Amino acid sequence: MGSSEGSWGRLEDSEREETDSEPQAPPLGGQNAQWKNAVGFWILGLCNNFSYVVMLSAAHDILKQEQTSGNQSHVEPGPTPMPHNSSSRFDCNSISTAAVLLADILPTLVIKLLAPLGLHLLPYSPRVLVSGVCSAGSFILVAFSHSVGLSLCGVVLASISSGLGEVTFLSLTAFYPSAVISWWSSGTGGAGLLGSLSYLGLTQAGLSPQHTLLSMLGVPILLLASYFLLLTSPEPQDPGVEDEAETAARQPLIGTETPESRPGPSLYLSLQERWTVFKGLLRYIIPLVLVYFAEYFINQGLFELLYFRNTSLSHAQQYRWYQMLYQAGVFVSRSSLRCCRIRLTWVLALLQCLNLAFLLADVCLSFLPSIYLIFIIILYEGFLGGAAYVNTFHNIALETSDKHREFAMEAACISDTLGISVSGILALPLHDFLCHLH
């Protein structure tokens with residue numbers, strides 16, 4: 001990793017504090033180090049969210065296991081409609097895909113709630129190892145599961161991996177030039193696109209869901225290799241590596257900036273400081289909560305109910321296409337920070353809520369004549385969600401002081417997870433109500 005100890009498991013206090021007795025290592029100004037860190041954070045974002053996305057893409061197949069015989073572990077691509085709901089225009093599963101969403105997000109919510117309180121006391125390297133092991137375990141457990149309950153346990157492992165990884169890696173960006181936030185966000189968007197597209201493509205090609213999941217075991221290995229072998233050890237940042245526009249945009253509105261301040265460990269912050277910083281973050285946290293509530297209410301509450309019989313695609317294939325198109329939109333917008341920066345993220349929240357209202361109306365009234373119109377709306381939904389994520393964390397990075405940035409990133413992580421959790425809880429009764437109604 002390039003540190004004097006040969007490897008770095010934790011950002012030790014001695015690495016975080018400037019000392020007069022030791023000469024400082026040269027700053028990360030070289031193009032080689034910058035690119036290694038940029039590519040490293042992109043790969044970390046890709047691998048961290050991959051299992052989370054795949055589990056959501058496989059949600060329909062996971063729940064269809066309940067309809068298979070006891071000696072069959074997984075359904076094949078293109079499952080047949082459930083007999084007891086074949087007359088319903090929704091072709092409902094007995095359990096909403098929101099159940100998979102909750103298993104995929106609630107452990108993450110717990111991790112993110114606890115992160116600002118004590119997770120920073122743990123070294124970084126063990127956290128990354130646990131994240132990688134949980135990711136691999138999720139693929140194996142779901143692949144070999146013979147029941148919905150055991151599959152959901154595998155989904156929980158994917159959630160632990162994703163939540164722990166996101167808190168860890170976003171906190172880690174505080175010790176690198178702020179440009180790595182854009183690369184991390186683009187990687188997470190890439191995970192959505194590649195995860196959903198790979199699951200869709202492999203199952204469409206005839207591979208069973210079981211073998212599709214087992215083929216993805218290389219992703220956790222790539223995550224560990226990127227962290228331990230590709231990233232360079234954090235060094236004091238050289239202001240010269242940031243472009244002039246970004247330097248001028250830095251306004252430490254959240255927290256206070258001092259000439260000596262630099263990224264430091266969250267454990268040195270008092271409770272009063274943490275509360276002050278958190279209150280300053282609310283103007284970014286609340287819009288992001290609303291964005292993710294609306295889009296995941298659509299994704300896990302409405303996708304399954306947006307079923308078109310006048311197309312060659314089966315119900316399961318339609319669901320996978322919805323997930324893939326959504327993730328494609330997210331990838332494009334999370335990679336767009338250098339082209340378009342948005343300060344007023346509440347506008348994105350408003351537009352996403354309008355999206356939810358429109359699609360909910362279509363589920364109830366069925367006025368859209370073609371699935372291709374739904375495809376366009378879902379792509380647009382992904383654009384909004386990805387833009388909200390990357391611009392929120394970029395704005396926080398610009399507006400927090402160096403001293404508070406690590407804590408601010410940890411605290412703001414709760415936004416998307418909270419919105420997703422609430423949407424999953426509300427989507428379950430909506431699914432049951434509409435399926436019984438029709």
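The values are calculated or read from the model by the stated rules, or taken from the named source; none is laboratory data. Computed from a predicted structure; not experimentally measured. Please note: Cβ atoms are built from the backbone with ideal geometry, for glycine as well, and neighbour counts cover all protein chains shown. Note: accessible area is taken over every heavy atom of the protein model, side chains too, but ligands, DNA and RNA are not part of it. Shrake-Rupley method; radii C 1.70, N 1.55, O 1.52, S 1.80 Å.
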> Which one of Glu399, Glu410 is of a type in the set (D, E, K, R), more than 17 Å from the chain's Cα centre (by Cα) and closer than 23 Å to Leu282 by Cα?
Replying inline: Glu399
> Which members of segment 127-173 meet the condition of being part of a helix (DSSP H, G or I), open to solvent by 10 Å² or more (accessible area, probe 1.4 Å) and more than 19 Å from Leu222 (Cβ to Cβ)?
Replying inline: Leu141, Phe144, Val148, Gly149, Leu150, Leu152, Cys153, Val156
>> Scan segment 54-71 and tell me whether some residue there is at negative phi, modelled with pLDDT under 85, in contact with a Cys (Cβ under 8 Å, 6 or more places away or on another chain) and polar (S, T, N, Q).
In response: no
> Consider Val156 against the criteria (1) free of Cβ contacts under 8 Å to residues at least 12 places away in the same chain; (2) touching a helix residue (DSSP H, G or I) at 6+ places or on another chain (Cβ under 8 Å); (3) of a type outside the set (Phe, Trp, Tyr): it satisfies all of them except one. Which criterion is unmet?
Replying inline: (1)
> Given the residues Glu235, Glu242, Glu257, Glu304, which is the only one that is under 23 Å from Leu430 (Cα atoms) and modelled with pLDDT under 85?
Replying inline: Glu304
> Within segment 192-206, how many residues turn out to be surrounded by 15 or more Cβ atoms within 10 Å (Cβ to Cβ) and touching a residue at least 24 places away in the same chain (Cβ under 8 Å)?
Replying inline: 10
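Could you pull out every one of the helices (runs of 4 or more DSSP H) wholly within segment 322-433 that has 3 or more residues that are among the hydroxyl-bearing types (Ser, Thr, Tyr) and out of contact with any Lys or Arg (no Cβ under 9 Å at 6 or more places or on another chain)? Spell out how you get there, then give the answer.
Details: elements: 345-365, 371-399, 405-412.
Hits in segment 322-433: 371-399.
Just to be sure, is Asn37 open to solvent by less than 30 Å² (accessible area, probe 1.4 Å) and either at pLDDT below 90 or farther than 30 Å from Leu302 by Cα (or both)? Talk me through it step by step, then tell me what you get.
On the way: open to solvent by less than 30 Å² (accessible area, probe 1.4 Å): yes; either at pLDDT below 90 or farther than 30 Å from Leu302 by Cα (or both): yes.
Answer is yes for this residue.
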> Cβ-Cβ below 7 Å, separation at least six or inter-chain, first residue in segment 426-438 and surrounded by 15 or more Cβ atoms within 10 Å (Cβ to Cβ), second of a type in the set (A, V, I, L, M): which pairs?
Replying inline: Ala427/Ala98; Leu428/Ala98; Leu428/Ala99; His431/Ala98; Leu434/Leu305; Leu434/Val363
> Does any residue of segment 273-289 turn out to be part of a helix (DSSP H, G or I), surrounded by 14 or more Cβ atoms within 10 Å (Cβ to Cβ), among the basic types (Lys, Arg) and at pLDDT below 90?
Replying inline: yes
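Out of segment 316-352, which residues are among the charged types (D, E, K, R) and crowded, with 23+ Cβ neighbours inside 10 Å?
Restricting attention to segment 316-352, the residues satisfying the condition of being among the charged types (D, E, K, R) are 320, 334, 338, 341, 343.
Passing the criteria: Arg320, Arg334.
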